[in-house]
Structures are given as structure tokens and as C-alpha cells.
1. Can you give the longest run of the chain that contains no GluC sites (Glu not before Pro) sitting in a DSSP loop with at most 10 other Cβ atoms inside 10 Å?
2. Pulled fully out, how much extra length does the chain show between E424 and A260, if you take 0.36 nm times their separation in residues and subtract their Cα-Cα distance?
3. If you take the beta carbon distance between V111 and D233 as r and set R0 to 35 Å, what does 1/(1 + (r/R0)^6) give as a FRET efficiency, to the nearest 0.05?
4. Quote the Stokes-Einstein diffusion coefficient, in whole µm² s⁻¹, for the range 365-404, based on the Kirkwood radius over alpha carbon pairs, a temperature of 10 °C and a viscosity of 1.306 mPa s.
5. Figure the gain on full extension for H193 and A326 (residue separation times 0.36 nm, minus the Cα-Cα span) and round it to one decimal in nm.
6. Could you work out the mean projected area of the convex hull around the alpha carbons of the chain, in square nanometres to one decimal?
7. For the range 331-442, taking Cα atoms only, what is the radius of gyration to one decimal and the Dmax to the nearest whole Å?
8. Too long at a 27 Å Cα-Cα cut-off: which of K258/K290; K226/K279; K350/K376; K579/K651; K376/K414?
Amino acid sequence: MRLHHALLLLPIVGLACLSSEANDERERPPSIILFLVDDMGWTDGGVFGSDYYETPNIDTFAKQAMRFTNAYAHPLCSPSRASILTGQEESRHGILSAHGHQEPEPWGAQVYQPATSRNEYLLTKSRTYLNPDATTLAEVFLDAGYRTAHMGKWHLGLTQEHWPDQHGFEVTFHSAPDPGPPGSTYFSPHGIHPDGKPGATRRVGNIVDGPEGEHIDDRLGTEAIKYITEHRDEPFYLNLWMYDCHGPWEAKLDLIQKFAKKDSQPDGHTNPVYAAMLKTMDDNFGRVMKALDELGIAEDTIVVFFSDNGGNTHSMGASEQKRKVANPKGKTYGSTKIYNDYAGVQYPTKNLGLRGGKGKLYEGGERVPLMVRWPKHAPAGSVSETIVNNIDLYPTLLELTGQAEPDNHVIDGKSFAKVLTEGEEGTCRTSVSYFPYHGGGISVRDGDWKLIRRYTRRPDSYDGLVELFNLKDDLGESQNLAGEMPDKVAELDKLIEAHFEHTGGLPPKPNPDFQPHLGASTKSGSPTHGLVPKQSRIESIDGAIRVIAQGKNPFLGTAQVKLDGPITLHLQARGVYGKSGTGRVQWRTQEQTEFPATGQTVDFKVPESTTWQDITVQVPVEGRSQLLRLYVPATDGLEIRAIRWTAQGGKRVQWDFSTDQ
């Protein structure tokens, strides 16, 4: 972020004069619309190969643009968005996961996130907002005299000091927190407050409710057309970042019903709800493209159509739907019922021909649609196999518009402007994605070859910690060649080492406290064996458990912890929905036949945060513990990643639910 005191009109005049001398057809630099779709898969659209989804406006646009078949993004949204705006690798800007809605922490050097003894590697902790000192695309264009606007999903910082207006955007239309649509619904009213601290229970921003039932992407289309019309006589840079097709999985009912009647093939796309979401996005893309034509500025506007990550192939399974419909008062109860009525139990989309999806380092999570249109400069209806990455958009747009790269800002991306304007091909380019969590790691594609290096073992999902694929012969990544080709693995491993050296990022490293077989003092295969929920229930979530209150005094009881006091409790936990609360530990010793009426309790605080908290509680047990109760906040409950009870002598008993990190 840098301070901007006034629009600098001189660069516009100078650039316009230079442009006029070089090319009389253009009197001013081109405007830019960066149209970003949320969670759109590689085959989600007619031009991309779907026989079920209907995207007539996108299909028409493809006939006017250059389409890239080897375009890559990070497998999750916040890192991709940060890379687009900074031109930097994830390991440099430090946003490694979809944490743009979490509480910001003071900026500093990259650090490792908390780990347990079951974590084989220490993993880099993800940042939750853009570096305030980074020079964004918007700031470059603003300094060059462009008008700048961001409309739609941001997800690059929760609080006001990290919002788009602090990163070079003069006009904004968004709210926070925003992992999905405002207020977690696509339909007005959204319940956005104009001020205050954003959080799980208070959405804040400048999105004002429209008529009841208005779809937020329809509103985005309207706001974008208004902005374009107002600035049609001057160059502008517009981020139009749609909310579709992210959860919650709700759409216009008439469109859902239309697609539910449409024939589909079991091995193709089949989800009428997702099809309806995609159609609404396509409708509004078409509205904006029509506005450019009607205003007579289509030829002077570079339009980039892109997705932030691969299609979602994991949400809305049977257990998720069951959980959501179990709470009739929940915000997603109604949309889940509709989803089940029309889509049944199926994931939102299928990345046909590719393995995996959003959140995975396989092609289904990383390979995305990308098209660029610039009439009279980029050949219409062309297709490029050049390997490009989200970090490449930054230098490409600067080169196409004649802007110099900013001082004191490192750009990792490489411009593909000449691919667009001169037809160059670059299939030997390298693309890297760093996502170390949830069984991820780092992937590198170099030409036809792709290596994935893991930092968590998940034998049910993949073999070992290294996978090697030849994408030319095996686009579906079904044959791991790592064991057969150690020299190729070593060659690509060197690219990973060079990547971290180049970016200065903090690479994972072996955990010195790793003990692969240490866990709860039980031989049961159940991760919660020995924990008895009272006035509560336990749900399994990704890499943790959620203890949900069902009475006034919810707790987990255990007779598995028999340790000589005093005892220290170490928790990795967070409040449900990030809420704060108070927990309590109560104990009974072997000499006692029942819990005393008073005393032998210790309270602990759960801070308000959506990030995992390390909580330490000193439990002054006198004698040997027999029964322990871990009370959770009675309002909403507690999410727990690990529980560890340790005696003074070092003996411990623990439960660790973080096997997926």
C-alpha cells in the first residue's frame, strides 16, 4: 500500500502521445477488466467441454479472445488473488491458504505454525492479508492516471486497514468477512453494516441491500456497467470478482428447475444447482460485454476472464448435508434442502479428465480457464498451449499497456504479452504452487513434467511424499513415476529448492519432536476413543473435532489420563465461528470417590479468533488423577485440534486430530 494524494494525469497524456505516434488507431491506453470467477473448474462451460452447463456469453467471448489451455492458479482463493494483484509467488507474499477472512496478526517475518508430535514437518504459517508495502496492480495503474475499482469478493484482509481502498482502488463494492457472498447468501438482504469491526457475527462493508431476492451477481453486473459508463472516456482498471460459484450452494430456483429437467450423462456434469450458479455468472458477464459494445469501447478494453482455483469436488457430501439440515434455524438450511431436492448427494462440479479439485495440488485444483480479449491485438478465437500462472498477469498487463514495472517491488511472474500479440508459444515455462496444508505440499510443472512434494502422509489418498507425472501422456495423473525415474525427481526437486531461494519463502522442515506412533493412550482406531461427551456431541471436521454444546454444562470426560499432579493441559483450539468464550477443567483424584461440590476447577479463556490458538492450563492436581472433565464454552462450543495432558516428569497422554493439517 502506498499513499495517493491525487490522480496523476501526466503519465496518461505522455502515454497517449507516444501511443498516437506509434499507432494512430488508439488515442488513449486501453482500459482493463479483470473478470474473476470463484471456484470455476477447467471444464465448466460449453467452450471448455461441457455438454450440460450453459455458458453462451463465455462461449461467444472465446471466439473473440485467446484461450489458454495450460493456465494455472493456486488451489485456493486468497493465495491466487494475492498473486494476481502482486505478481508474486505464494511463498513470497506469504498468503498460503484461504485465510483472508481471519483475524490479522502483526506483520513480521514468516514463521512456522504450531505443530504436534504427530506432524512430520513444520509448515509455514499462512498470512491473512496483503503486505501493506506491496505495490498492487491497482496502484500501478492509479499512478499512471487510470481510474480504479474493485467490485465483489476480496478475501485478502478482514479489517478495514486491509481492504481494497488501501491497495489502490478508488471505488469499491464489497464487504467482509467474505470467503463467500455477503452475509453468506447470494440473495438480498445481506445484512451488511456500514461500519464496526468485521467478524463472524457482523458483516461490514459498503454493499447496500437491493430489492428483496436480488442476486448479488446481478447487482455486481449493474454496478460494473454503471462504473464503466461513467468512465467510458478515460482509461480504467476494474476488478470484477464474482461471488459465483462458491458456497453456499444456492441459485435462482427457476434456473435450478430448468437444469433439473435437462438430460445429462453420468460421466459428465450433472448438478443443476451448480449449473444455475454458473448460468447467472455467465449472464452478467454477457451484460458487461454488451455494455462495452454499446458504449463503443470494446476495442479499447483488455478483458481477462479467469478463475481463482479449480472446481469444487468435495462439498455437499452426505455428512455435510445431514449436518446442515439438522438445524432448521441455520442460515443454509433452506438452500441445502433445495440442493438435496434437485441435486441429491453429489459434489458441486466435476473436473472432467482431471484428478482432484479445489484445495488439491492435482490438475483439477490448479488448472483453470483463462481467456484474454484485446481486439486487433490478440487473435480472435485462438488457442495457446503456453504454460501461464496467475503471477504472470501482473507483468503482462503492464507490458500490454506500456507501464513500467514499479520500483521497490519484486515481480516473480513473466509476461506473456508476446504470446497474445505476436503468437509466441512457451510450453517449457515453469509453474509452481505452494500449499502445504491438508495433505498438500508444493507442486512444480516444468514442460510436460509435474512433481508434487508432500509434507503429510496420507496413504489413503497418495503414495509416500513424492509424486511424479508426465502430463502429456497422463493428464489425469494416474501413474506415479517417482519410483521409476529418480533422476527426474531430483531434477525437479532442484527447482523447488531454487524456488524458495529465489522468493525468500520459509520452506517446511522436519519436525524435531515428530513421534509417528504417539497418540492417545488407547489401542482403538477411533481418534476420540476415551473422550466421553456429556451435554454435548462431537463432530469430525477437517483435521480437528468440533464439540457442540447441547446443555448448560457441556464437557468431554475421560478416565484415560492417570498422571501424578500437578498436570499441564495444552490445547490447540478455537471457538466455533471464531467466537470467544470461557472453558474449564475439573478433576477427581484416585483417592476421591466423587467430584467435590466446590473447588478443583480451573478456568481458561478462548480468544476471539478463527485461527488455531495454543492454550495452556496449569491444573494443580494433588495426587494422581482419576477422572478429568474438559468443559467447553456453553454458547457455541469448541473446535479442538489437539489435547495433551503432561505430568511434571514428562509423561503425557494426548489426542491429536490434526493428521490432515
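The values are calculated or read from the model by the stated rules, or taken from the named source; none is laboratory data. Here the structure is a predicted model, which is why all the values come from computation and not from measurement. Positions of Cβ are generated from backbone atoms using ideal geometry, with glycine treated the same way; all protein chains shown enter the neighbour counts. Surface areas here come from the heavy atoms of the whole protein model, side chains and all, with no ligands, DNA or RNA. Shrake-Rupley method; radii C 1.70, N 1.55, O 1.52, S 1.80 Å.
1. No qualifying site falls inside 213-483, the longest such stretch.
2. Here the answer is 54.7 nm.
3. Computed FRET efficiency for V111 and D233: 0.10.
4. 134 µm²/s
5. Length difference between fully extended and current span is 45.0 nm.
6. 30.2 nm²
7. Just the Cα atoms of the range 331-442 yield Rg and Dmax of 19.0, 55 Å.
8. In this structure, K350/K376; K579/K651 exceed 27 Å between Cα atoms.
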